[in-house]
Amino acid sequence: MLSQKMKDALNKQVLMEAQSSQAYLAMGSWAEIQPGLKGVTQFFFRHSDEERMHMLKLIHYINERGGFAVIPALEQPVLTFVSLKSAFEQLYKHEIKVSESINNLVAISLEEKDYATHNFLQWYVLEQMEEERLARDCNDKLEMIGDDKSGLYLFDRDIMTLDKG
Ligand code: FEO
């Protein structure tokens, strides 16, 4: 059985994952109307789906442990970006915040002596490491590319095959 504190904290994470999914959905929609960003568009939409999966995993866990997962209202995310680089910078910043939030959840699970939740959260800890690495790689590449159109072409092509593994 989850403690009230653990339940509340996990429900806050449901909101965060839902907001992440919305944010990347908006990035996908923005990228889709830019010329030559087919790969990036696909990447953002896929990433949005992954965040939804992170949210669902939490929802099922909360409910299975005797809590009640609250489906949250969502704020409208940022809709447009001055450049692809700025979209990826936001994505990276966002992932860092998510990692902090996961770390905070892990700390609460230890405080509450909730070792099942601690164990459950390890998947998220690893996932965040990968997401941060991926976002950092994309930012580094875009930094190198600058305004070089052929570099951007290759970035868009390569991101379609990018995997977190
Ligand atoms: Fe589920 Fe990228 O945080």
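Apply the Debye scattering formula to region 26-67, with a single equal point scatterer on each alpha-carbon and no solvent, then give log10 I(q)/I(0) at q = 0.20, 0.23, 0.34 Å⁻¹. Summing over Cα pairs of region 26-67 leads to -0.60, -0.69, -1.02. For region 34-107, the normalised intensity computed at q = 0.14, 0.19, 0.28 Å⁻¹ comes to -0.63, -1.02, -1.43 (log10 of I(q)/I(0), Debye sum over alpha carbons, equal scatterers, no solvent).
Note on residue 115 and residue 140: their simple-model spin labels are 3.8 nm apart, each label 7 Å out from Cα toward Cβ. Summarised in one figure, the compactness ratio Rg/Rh of the chain, Cα atoms and Kirkwood Rh, is 1.03.
For region 115-165, taking Cα atoms only, Rg and Dmax work out to 15.4, 51 Å respectively. Helix 84-111 and the longest principal axis of the Cα set of the chain meet at an angle near 10°.
Between 0 and 90 degrees, the angle of helix 38-64 with respect to the longest Cα principal axis of the chain falls at about 0 degrees. Taking amide H atoms as placed 1.01 Å from N in the peptide plane, the amide H of residue 69 lies under 5 Å from those of 63, each 5 or more residues away in sequence or on another chain.
Full extension of the chain between residue 133 and residue 42 gives 30.9 nm of extra length, using 0.36 nm per residue less the Cα-Cα distance.
Sequentially through region 123-131, phi angles give Karplus couplings (6.51, -1.76, 1.60; θ = phi - 60°) of 4, 5, 4, 5, 4, 5, 4, 5, 5 Hz, Gly and Pro residues having no value and appearing as x. Among the listed pairs 7/141; 7/85; 113/141; 57/113; 7/93; 7/38, those whose Cα-Cα separation exceeds 31 Å are 7/141; 7/85; 113/141; 7/38. Shape descriptor for region 78-149: Rg over Rh equals 1.16 (Cα atoms; Rh from the Kirkwood inverse mean 1/r).
Quick note: the coordinates plus some simple rules give every number you see, no bench work behind them. For clarity, every value in this text was computed on a predicted model and none was experimentally measured. Here Cβ is always computed from backbone atoms with ideal geometry, including for glycine, and neighbour counts include all displayed protein chains.
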